[in-house]
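Student: Dropping the structure in here first, questions after.
Quick note: the coordinates plus some simple rules give every number you see, no bench work behind them. Source: prediction; values computed, not measured. In this analysis, Cβ positions are derived from the backbone assuming ideal geometry, glycine residues included, and neighbour counts consider all displayed protein chains.
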Amino acid sequence: MILDTFPSAEEFYKTYWGQKPFVVRSAIDQALFEGMIDGDSLAGLALEEEIKSRIVITAPEGGKWTCEHGPFEEDRFGTLGEENWSLLVQNVEQYHTDTAKLLQNFHFAPRWLMDDIMVSYSTVGGSVGPHTDSYHVFLVQGMGRRKWTIGQSPVQNEDYIEGLDLKVFKGSVSGVEIEVGIGDVIYIPPHFAHEGITTQEAMTFSVGFLGPKLSELMAQYGYYLEQMDQGNKHYAGAGLDVESAGFAISPGAQERIQNDLINALCSDDFSIWLAAYFSMPSHDDVENIEARDEKLSNQDLLERLQDGQNLYRPEHIKLSMTISPDGTVNLAAYGAALPTSPAHNKFLHWLNQNNTLSMQDIEALGDQDALMTFITYLYNQNILFFENEALDL
Ligand code: SIN
Ligand code: CO
């Protein structure tokens, strides 16, 4: 279970994803943590109305667990004492964009399924108790140290303490025990029990992946079809026969309705919608990106690139790509489809795994004029930025 480095993408999906936990020692360069959010700034986020936060007070020696939900008053933090509590804040990558830089290490993971980065600050003894999550999670340890116990198979019967606003198992977790420090990363598949207890004041960054429910996908695609209108015809009962008289829907009629639905799902529209859907912010209150007020021209961009300035794609920007049945790569950001053409395919595959773009990269990625028009568009849409440029969001 202890690995020297992250598994290759092939090995990750074959052996670990959804199946087996692992720990990688020193997986993340320590220098990266200098730009990550610290405890004080995390407490600052927890004062905000629209940001989801919790304070969990642990129950040493069989006492009672408590979970309070934010927003908090500033003076709440002064009354918590030195030990046995943690503060957890959701969607931190959207509010503290440097924290999103952590995601550079997770190109092998399905980033389109990523929900958020939840950050916890915990004092000695701090814990959210033994539990499972319905999502996949990479627990990235920042400063401090924590002792984890990690179950080695999914929990069949989740038996939680009743009457708590927090899912804490009645019993303890049995599994592998491991203490982690800065840069160590633990992967936990859904429904695997885990419990972390802080041994030295700690920051933990939980990179979580959770897919939508089938009902949510169906409802959202239906809503999209309704808005598109084209192809959204009434079912008119074509081909009905005597078996469908009265209140009976014949097997043939049922099959034709199913085929109508399948055809709607196998269309180019579906591929375009799917990219847009998975690029939506996972949290309603996160603002969509807007185009820049001051737009640059292809020529302006080209000159700056030729001058040696590089462009980069900030990691907190949610992108998603699908490939239509005709091979077109569809790109979407923050719930909106972006206009692509087959001339951009090579660049888009490259963008999927890279986030810094130089003039040399552009020259190697296809027809320069077509690419510069598209890259300028992405820049003007606030999806690409020049290095050292403040994020204008
Ligand atoms: C934490 O950081 O304490 C919670 C992470 C988890 O167990 O999911
Ligand atoms: Co958990």
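Student: Determine, for each peptide in 364-373, 244-253, 140-149, the mean count of other beta carbons within 10 angstrom over its residues, then list the peptides with the highest first.
Tutor: Going from most to least packed, we get 140-149, 364-373, 244-253.
Student: Figure the gain on full extension for Phe12 and Glu83 (residue separation times 0.36 nm, minus the Cα-Cα span) and round it to one decimal in nm.
Tutor: 21.9 nm
Student: How high is the FRET efficiency from Tyr312 to Ala248, r the C-beta distance, R0 45 Å, rounded to 0.05?
Tutor: The pair Tyr312/Ala248 has a calculated efficiency of 0.15.
Student: I would also like to ask the following. Within straight cross-link reach of Lys64, meaning Cα distance under 16 Å, which aspartates and glutamates are found once same-chain residues fewer than 8 apart are removed?
Tutor: Straight-line reach from Lys64, under 16 Å: Glu83, Glu162, Asp165.
Student: Could you give the length gained on full extension between Asp4 and Glu49, defined as 0.36 nm per residue of separation minus the Cα-Cα distance, in nm?
Tutor: Answer, rounded to one decimal: 12.1 nm.
Student: Let me ask something else. Show the residues, 5+ positions off or on another chain, whose built amide H is closer than 5 Å to the amide H of Leu338.
Tutor: Amide H neighbours of Leu338: Leu331, Ala332, Ala333.
Student: Further, regarding this structure: With a cut-off of 13 Å, note down the residues of segment 119-161 whose backbone N falls inside the zone around a label point 7 Å from the Cα of Val176 toward its beta carbon.
Tutor: 148-153
Student: Distance in nm between label sites at His107 and Gln152, each 7 Å beyond Cα in the beta-carbon direction?
Tutor: 3.4
Student: Using a cut-off of under 14 Å, list every residue of segment 349-379 whose amide N is near the label point 7 Å from the Cα of Ser297 along the Cα-to-beta-carbon line.
Tutor: Answer for this model: 373.
Student: In addition: Among Val173, Pro212, Leu261, flag the residue with its Cα farthest along the positive direction of the charge dipole of the chain, charges on Cβ as +1 for Lys/Arg and -1 for Asp/Glu.
Tutor: Result: Val173, furthest along the dipole toward the positive end.
Student: Continuing with this model, one more query. Please give every one of the aspartates and glutamates within straight-line cross-link reach of Lys14, meaning a C-alpha to C-alpha distance under 12 Å, and leave out same-chain neighbours fewer than 8 residues apart.
Tutor: none
Student: Search the structure for amide H atoms under 5 Å from the amide H of Leu384, placed 1.01 Å from N in the peptide plane, and list their residues when 5 or more places away or on another chain.
Tutor: For Leu384, the qualifying residues are Tyr379.
Student: Which lysines have a Cα lying under 29 Å from the Cα of Lys295, excluding residues fewer than 8 positions away in the same chain?
Tutor: Straight-distance partners of Lys295: Lys101, Lys318, Lys346.
Student: Right, something else. From the backbone phi of segment 315-325, what are the Karplus-calculated ³J(HN,Hα) couplings (6.51 cos²θ - 1.76 cosθ + 1.60, θ = phi - 60°) in whole Hz, Gly and Pro given as x?
Tutor: Taking θ as phi minus 60°, the curve returns 6, 7, 6, 7, 10, 8, 10, 9, 10, 5, x Hz for segment 315-325.
Student: Which order, highest average first, do 179-192, 120-133, 156-169, 11-24 follow once you tally other Cβ atoms within 10 Å for each residue and take the mean per peptide?
Tutor: 120-133, 179-192, 11-24, 156-169
Student: Between Asn263 and Asp40, how high is the FRET efficiency from 1/(1 + (r/R0)^6) when r is the Cβ-Cβ distance and R₀ = 41 Å? Nearest 0.05.
Tutor: 0.15
Student: Another question, then. Pop out the ³J(HN,Hα) list for segment 209-219 in order, Karplus 6.51 cos²θ - 1.76 cosθ + 1.60 with θ = phi - 60°, rounded to Hz; leave Gly and Pro as x.
Tutor: After applying 6.51 cos²θ - 1.76 cosθ + 1.60, I find 10, 9, x, x, 6, 4, 4, 5, 4, 4, 5 Hz.
Student: Here is a follow-up. Sort segment 171-294 into rounded, prolate or oblate with this rule: let a ≥ b ≥ c be the square roots of the eigenvalues of the Cα gyration tensor; rounded if a/c is under 1.5, and if a/c is not under 1.5, prolate when a/b is larger than b/c, oblate otherwise.
Tutor: Judged from the Cα gyration tensor, segment 171-294 comes out oblate (a/c at least 1.5, b/c at or above a/b).
Student: Grab the DSSP H runs of the chain that are 4 residues or longer, score each as -39,500 (n - 2.57), total them, divide by all residues and round the 222 nm result to the nearest 500 deg cm²/dmol.
Tutor: Taken over the chain, the calculation gives -6500 deg cm²/dmol.
Student: How far, in nm, would the chain grow between Glu387 and Glu255 when pulled straight, counting 0.36 nm per residue and subtracting the alpha carbon separation?
Tutor: Here the answer is 42.0 nm.
Student: What nm value, rounded to one decimal, do you get for the distance between Glu74 and Met218 when each label is placed 7 Å out toward the C-beta?
Tutor: Label at Glu74, label at Met218, 5.0 nm between them.
Student: What does the charge count near Ile161 come to, summing +1 for each Lys or Arg and -1 for each Asp or Glu among other residues with Cβ under 14 Å from its Cβ?
Tutor: Surrounding charge for Ile161 is -2.
Student: Going by how many other Cβ atoms sit within 10 Å of their own, how do Leu217, Leu274 line up, fewest first?
Tutor: Leu217, Leu274
Student: Another question about this same structure. Work the Kirkwood hydrodynamic radius out for the chain: mean of 1/r over every pair of different alpha-carbon atoms, inverted, in Å.
Tutor: 23.7
Student: Enumerate the amide H contacts of Gly126 below 5 Å, restricted to partners 5 or more residues apart or on another chain; note that Pro and chain-start residues carry no placed amide H.
Tutor: Residues meeting the amide H criterion: Asn84, Trp85, Thr198.
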